[in-house]
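First the structure, in the form of structure tokens, and then the observations on it.
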Amino acid sequence: MSIEQQITRQLEEVNHFAITDAASLEDFRLRFISKKGDLSDLFDLFKQVPNEQKKQVGQLLNALKAAAENKFRASKEQIEAHAENNEISDFDVSLPTVPNQFGALHPLTIVGQEVMDIFTKMGFTLSEGPEIETDWNNFSALNFADNHPARDMQDTFFVDKNPDILLRTHTSSVQIRTMTEQKPPIRILSVGRVFRNETISARAHCMFHQIEGLYVNTKVSFAELKQTLLHFAKELFGHKVQIRMRPSYFPFTEPSAEVDVSCSLCHSKGCNVCKYTGWLEICGAGMVHPNVLKNCGIDPMQYTGFAFGMGIERIVMLKYNIKDLRLYTENDIRFLRQFKIS
Ligand code: PHE
């Protein structure tokens with residue numbers, strides 16, 4: 001091969017050499033620029049070129065040298081600029097992909113599902129209603145007197161300054177809807193989000209979830225309510241737990257009670273979760289007030305009913321010893337990951 005042909009071939013190789021990163025830049029330098037590279041071999045050969053050809057071959061050789069040096073300089077600048085911007089790509093496309101992380105169910109979903117399973121096995125059916133409600137379904141039909149403090153702007157979010165339309169403050173509104181539309185026997189579980197105008201803190205939130213139960217039939221008794229809740233508590237917290245009922249007040253139930261379960265964390269010995277009382281409050285309950293049945297077109301002389309309601313956030317707190325309500329909505333992956341069910 002003549003020296004001219006060798007120069008042309010080298011030029012092609014210089015042009016085609018792919019410089020993508022610092023390593024290939026160095027390969028290029030060793031091959032074409034360094035004193036021991038291919039180009040210096042050509043310069044050695046050049047010494048043997050007859051004098052009359054020297055001018056022409058010399059021009060070709062110099063053009064090749066300039067092309068190699070220009071390419072080297074331009075690529076070097078480019079790679080250095082990228083490195084400064086931290087953009088230099090050391091991405092290896094042949095690496096195996098990072099597997100997608102499996103998500104976890106939210107603890108509210110897990111426990112809500114558990115609670116629903118327990119009651120559906122007892123014959124309760126699920127029922128849902130809208131989050132934007134009328135005053136009638138959320139308050140009046142539930143026997144709240146017109147001046148009841150729970151209607152105060154402090155507790156309730158009203159929609160569009162219309163005092164008759166509001167964000168439901170409890171899921172009891174679904175019970176009104178169902179009792180108005182269906183004839184007894186009624187055995188439903190209403191589940192969903194509720195809203196109260198509270199400042200967000202470790203113990204309060206303006207949005208939370210409730211599960212409420214309602215059973216209306218002939219001869220429904222307080223004993224049945226108690227047995228239903230005892231069965232529920234044993235299923236959820238373990239078979240050793242006991243319940244107790246303390247007298248309480250709700251406008252829509254009479255008599256009304258707060259229901260406590262014996263603390264399963266310390267076996268009622270007293271711990272910081274049960275505040276050394278041995279008991280944890282889990283829900284409100286009572287016999288449906290005759291006025292409520294009447295408001296829904298159900299004859300209170302013929303039918304009786306019981307109702308109970310609990311906050312899912314609170315049940316999850318008790319079950320998993322969670323101290324701050326805000327964790328539920330912060331979406332911190334470190335919190336959520338702990339509830340993976342395998
Ligand atoms: N609706 C009540 C509340 O939100 C809970 C409750 C439901 C109490 C049914 C008694 C009976 O606090």
(message) Looking for something open to solvent by 80 Å² or more (accessible area, probe 1.4 Å), part of a helix (DSSP H, G or I) and closer than 16 Å to GLY213 by Cα - is there at least one such residue anywhere in the range 120-143?
(response) yes
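Here is a check on your reading of the model: is PHE72 open to solvent by 30 Å² or more (accessible area, probe 1.4 Å), within 26 Å of ASP21 (Cα to Cα), among the aromatic types (Phe, Trp, Tyr) and away from the ligand (no atom under 16 Å from the Cβ)? Please lay out each step first, then the result.
On the way: open to solvent by 30 Å² or more (accessible area, probe 1.4 Å): yes; within 26 Å of ASP21 (Cα to Cα): yes; among the aromatic types (Phe, Trp, Tyr): yes; away from the ligand (no atom under 16 Å from the Cβ): yes.
So PHE72 passes the test.
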(message) Anything in the range 149-177 that is away from the ligand (no atom under 13 Å from the Cβ), over 19 Å from GLU313 (Cβ atoms) and not charged (D, E, K, R)? List them, or say none.
(response) PRO149, MET153, GLN154, PHE158, VAL159, ASN162, PRO163, ILE165, LEU166
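Residue-by-condition table, conditions (1) assigned to a helix (DSSP H, G or I); (2) assigned by TED's automatic domain parsing to the domain that holds PHE252; (3) within 31 Å of the chain's Cα centre (by Cα):
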site	(1), (2), (3)
ASP155	no, yes, yes
PRO163	no, yes, no
HIS170	no, yes, yes
MET179	yes, yes, no
PRO184	no, yes, no
ARG193	no, yes, yes
ARG203	no, yes, yes
(request) Read through the list (1) surrounded by 14 or more Cβ atoms within 10 Å (Cβ to Cβ); (2) within 60 Å of the chain's Cα centre (by Cα), then give the number of the only condition that ALA18 fails. (result) (1)
(request) Being surrounded by 10 or more Cβ atoms within 10 Å (Cβ to Cβ) and more than 21 Å from ILE33 (Cα to Cα) is the filter here, so list the residues in the range 44-54 that pass it. (result) VAL49, GLN53, LYS54
(request) Scan PHE250, PHE208 and give me the residue that is out of contact with any helix residue (DSSP H, G or I) (no Cβ under 8 Å at 6 or more places or on another chain) and within 13 Å of the ligand (Cβ to nearest atom). (result) PHE250
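The values are calculated or read from the model by the stated rules, or taken from the named source; none is laboratory data. Quick caveat: nothing in here was measured; it's all calculated off a predicted structure. Ideal geometry is used to build each Cβ from the backbone, glycine not excepted, and the neighbour counts take in all protein chains shown. Heavy atoms of the whole protein, side chains included, go into the accessibility calculation; ligands, DNA and RNA do not. Shrake-Rupley method; radii C 1.70, N 1.55, O 1.52, S 1.80 Å.
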